[in-house]
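Taking it in order: structure first as structure tokens, then the write-up.
The values are calculated or read from the model by the stated rules, or taken from the named source; none is laboratory data. In this text the structure is predicted, and so the values were computed from the model without any measurement. Neighbour counts run over all protein chains shown; Cβ positions are idealised from the backbone, glycine included. Heavy atoms of the whole protein, side chains included, go into the accessibility calculation; ligands, DNA and RNA do not. Shrake-Rupley method; radii C 1.70, N 1.55, O 1.52, S 1.80 Å.
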Amino acid sequence: MSDQQLSIQSFPLGGFQTNAYVLTNTGTGETIVIDPGMQPEVLLQAIQNKKVVAILLTHAHLDHIGGLNDVRALTKAPVYIHSLEQEWLTNPDLNGSSRWNLPQPIVCERAEYELADGQTLEIAGFSIQVLHTPGHSPGSCSFVIGRNCFGGDVLFAQSIGRTDLPGGDYETLMISIQDKLFELEDDTIVYPGHGPKTTIDSEKTYNPFVTGLLR
């Protein structure tokens, strides 16, 4: 599949402004949704006439799964998540929603598919490399399609994911960035869970949180 067939749309959702991504194969019309966050109305509008064939979750914090039930109901698409966070979908204490003043805690059905490091998914005409990149959360994953990386809350433009939430670990996050993300090609575009897109090269050069990380 050529890059010309990959259409990427971004929708910052909810109070956390969590980036949901809609990836469409312009040749076939098949679509993948990554991280359907809270208050997903604009996302639902964007995909209502699309053939959504999969929902990929970088991790299961509340702001990345707040719209999952709505997207699932609309599309009937299967959900993919790392095995370490399968139970987070069904447990508000694990996904963090029980600790926020929400109208109701977030409870989702279990995912149809569990992800593992190094596997390749063939979905919608895309070959998607799965990288297990823990540190922000135990089951955080990054999805690589060609020179595009959808990394959730691991690496941001001149910042990194927080590690003070349950299951977070700073040293583990640094290893994920160094050994997984920084091994990607320098011109790889990083589409993070919050904020603007960036590149691997830009973060190696300008990100103050990874100074001294390169070896």
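Rolling a 1.4 Å probe across all protein chains gives ILE81 an accessible area of roughly 0 Å². Taking the structure as given and computing percent of Cα pairs over 26 Å apart, which label from (i) 49; (ii) 28; (iii) 46 fits? This structure yields the entry labelled (ii).
Computed over segment 126-215, the alpha-carbon pair-distance distribution with 5 angstrom bins reads 3, 16, 29, 29, 17, 5, 1, each value a whole percent. Within a straight-line Cα-Cα reach of under 19 Å, LYS180 can be paired with the following aspartates and glutamates, leaving aside sequence neighbours fewer than 8 residues apart in one chain: ASP117, ASP153, ASP169, GLU171, ASP201, GLU203. Remark: segment 1-53 carries 47 Å² of accessible area per residue (probe radius 1.4 Å; ligands, DNA and RNA excluded).
Which translational diffusion coefficient, to the nearest whole µm²/s, is obtained for segment 1-78 from the Stokes-Einstein equation, given a Kirkwood hydrodynamic radius over C-alpha pairs, 10 °C and 1.306 mPa s? Could you put the intermediate results ahead of the total?
Details: Rh = 12.3 Å.
Stokes-Einstein gives a translational diffusion coefficient of 129 µm²/s.
Here segment 7-135 has 48 percent of its accessible surface on carbon and sulfur atoms, given a 1.4 Å probe and all protein chains in place.
The mean sequence separation of alpha-carbon pairs under 8 Å and at least six residues apart, normalised by the residue count of segment 1-79, gives a relative contact order of 26 percent. Take every Cα pair under 8 Å whose residues are at least 6 apart in sequence, average their separation, divide by the length of segment 68-156, and the relative contact order is 22 percent. Only Cα pairs under 8 Å and 6+ residues apart enter the sum, and on that basis the relative contact order of the chain stands at 14 percent. Computing FRET efficiency as 1/(1 + (r/R0)^6) for ASP201 and SER10, where r is the C-beta to C-beta distance and R0 is 25 Å, gives about 0.75.
Bridging of LYS76 to lysines at a Cα separation below 28 Å is possible for LYS50, LYS51, once same-chain residues fewer than 8 apart are set aside.
Think of each Lys and Arg Cβ as +1 and each Asp and Glu Cβ as -1; about the Cα centre, that makes the dipole of segment 83-172 roughly 300 debye. For trypsin sites (Lys or Arg not before Pro), the sites in segment 1-89 that DSSP calls loop and that have at most 12 other Cβ atoms within 10 Å are LYS76. Think of each Lys and Arg Cβ as +1 and each Asp and Glu Cβ as -1; about the Cα centre, that makes the dipole of segment 1-108 roughly 240 debye.
All C-alpha to C-alpha distances of segment 92-163, sorted into 10 Å bins beginning at zero, yield P(r) values of 17, 37, 35, 11, 0 percent in whole numbers.
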